[in-house]
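Heads up: the structure comes next, in structure tokens.
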Amino acid sequence: MMLESWQSDGYALVDRPLFPAAQFDRLSGILKDHLAEHGERIFDELDMPHTRDDRLLELLLDDAVLDLVEPITGPDIVLWSSGFICKMPFVGPPTPWHSDAAYWEGRLDDNEGIVTVWLAIDRSSRENGCMRVIPGSHRQAEPDYRVLDPDAFFGSEAAGVDASTAVDLELEPNHCSLHDGRILHGATANTSPHRRAGYTMRYLPASTRILPESKNNAGHLVWLARGKAIADNEYVNK
């Protein structure tokens, strides 16, 4: 059922805890450590935190996650990226409509089979600005983008999105959603008194070539998470 939803709609919900309670508590503690260490600079530290904190690699390379994504990526899996997403109470800004693939232009030779696991650390609800997706948009052409505030975290937004078709992906803590790198998604602002924190874990089929000529790939570290190295990529662990 999950794979059918993925193929037709570009996303799927996993209605069970992803990690055992002790591992999930460890992840929550890691986020707490990062928030305490970086304070107001936390938003500069949320992206690719596993390259600075080996504790996260243990979770990213855990069989519980890799077994979940393997039906989509196939048996040969690359860890591409991860990131904490933390919308604070009352001040967490909206996330404009976008696809992840729109920000990877020229970085990969193929966007097929790329999956992001969005793991809720806090409860993620309509009230605190849960992720919203446009079902089936992963099978459509990438829309045009309009420029927003160039100083914002997202400086652009997909134009012409019919938000009336959006689905809210509400999640309990330690539950997750999966979404295709090409699906249009966004979120409203967090105007509630409840924080909305999550951890994204992103994986590629190992047949995907990470293009070394792209300046945006310079210094980007990837791991062979499972299986064989098919494309001629450089891996930290190989």
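How far apart, in nanometres, would the label points at Ala36 and Leu221 be if each is projected 7 angstrom from Cα along the Cα-to-Cβ direction?
2.3 nm
Going Cα to Cα from Lys238, which aspartates and glutamates come in below 15 Å? Please leave out same-chain ones fewer than 8 positions away.
Asp76
Return P(r) of the stretch 115-211 (all Cα-Cα pairs; 5 Å bins starting at 0; whole %; ordered from short to long distances).
3, 12, 18, 21, 22, 16, 7, 1, 0
For the stretch 110-124 and the stretch 1-30, compute the distance between their C-alpha centroids and round to whole Å.
The stretch 110-124 and the stretch 1-30 have Cα centres separated by 8 Å.
With each pseudo-label sitting 7 Å past Cα toward Cβ, what's the Thr165-Val147 distance in nm, one decimal?
2.9 nm
Loop only by DSSP, 15 or fewer other Cβ within 10 Å of the Cβ. Give me the GluC sites (Glu not before Pro) in the stretch 144-238 that pass, ordered by residue number.
Details: sites: Glu157, Glu170, Glu213, Glu234; in loops: Glu170, Glu213, Glu234.
Qualifying residues, ordered by number: Glu213, Glu234.
Only Cα pairs under 8 Å and at least 6 apart count here; give the relative contact order of the chain as a rounded whole percent.
Working: 485 pairs, mean separation 77.1, N = 238.
For the chain, the relative contact order is 32 percent.
For the stretch 35-163, state the average projected area of the convex hull of the C-alpha atoms over all orientations, rounded to one decimal in nm².
Working: hull surface 39.4 nm².
With every direction weighted equally, the projected area is 9.8 nm².
Quick one: Debye curve from the C-alpha atoms of the stretch 17-91, no solvent, what's log10 I(q)/I(0) at q = 0.13, 0.18 Å⁻¹?
Result of the Debye calculation: -0.45, -0.81.
Per 0.36 nm of contour for each residue apart, how much would the distance between Asp109 and Lys238 grow if the chain were fully extended, relative to their Cα-Cα spacing? Working shown, then result.
Numbers: separation 129, 0.36 × 129 = 46.44 nm, distance 2.10 nm.
In short, 44.3 nm is gained.
Starting from the Cα of Lys32, draw a straight line to each of the aspartates and glutamates and keep only those under 14 Å, dropping any in the same chain fewer than 8 residues away.
Straight-line reach from Lys32, under 14 Å: Glu40, Glu45, Asp53, Asp122.
Using only the Cα atoms of the chain, what semi-axes does the equivalent ellipsoid have when each is the square root of 5 times a gyration tensor eigenvalue? Give whole Å, largest first.
Details: eigenvalues 119, 98, 72 Å².
Semi-axes (√(5λ), whole Å): 24, 22, 19.
Here, each number is a calculation from the coordinates, and none is a lab measurement. The structure displayed is predicted, hence computed values, not measured ones. Note that each Cβ is placed from the backbone with ideal geometry, even for glycine, and that neighbours are counted across all protein chains shown.
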